[in-house]
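I have placed the structure first, in the form of structure tokens, so that the comments after it can refer back to it.
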Amino acid sequence: MKKFYSLFMTGLLAILPLALTVYVLIWLITTFESMFSGLFDLFLPAGWYIPGMGVLVGVFSIFLVGLVLQFFIFQQMQNWIERFVEKFPLIGDIYESFNGLMKYMAGSSKQNAAEQVVVVTIDGMNLLGIVTSGDLSDAPKGITTGDMIAVYLPMSYQVGGYTVYIARDKIIPVDMTKKEALRWTLTGGVTTHKK
């Protein structure tokens, strides 16, 4: 029975990440197809629609938005829309949180001071974290004292974590990218640190 369980878990661990990846891809494809297939019915003659055209339009639309946002005028429009949405109670808070997280996660892979992976020692425990701000001069009064930085400590097996404000000399830099550190922490150290 032990051998059966071991073989089953080996198979499950091999299949599950791939299955989840495929599931997310299928969800994106079906979402794009359902969003854009109605447009094809309006603009194309009957019988011209080919399955997959919605996905192509979805991917092209995302690319086009990214291209358009390279121009200053559209960046200003985006900023105006963001400020407008953020004025609404609750909706603005949710949008601002997701927007900030997405911008942070999609940021440059270069290791700069605000993305350094560090080890924080608290009560004899070493916690892996990511420096989110090296300059807390504009932090609310009472949060920081002296030369402190903000470090995000992600939690294992779930989305979430804590931001701690800690003295700069109490951290140890780690030679990992932000992506590697998040993968390591979110999986509880099950994955390996690949160089």
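Values in this text are rule-based calculations from the coordinates and carry no lab data. Since the structure is predicted, the reported quantities are computational estimates derived from the model, not experimental observations.
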Rounded to whole Å, √(5λ) for the Cα gyration tensor eigenvalues of the range 3-99, largest first, gives 35, 26, 13
The aspartates and glutamates whose Cα lies under 15 Å from the Cα of Lys170, excluding any fewer than 8 residues away in the same chain, are Asp123, Asp147
Straight-line reach check, Lys87, cutoff 13 Å on alpha carbons, 8 or more apart in-chain or any other chain, hits among aspartates and glutamates -> Glu96
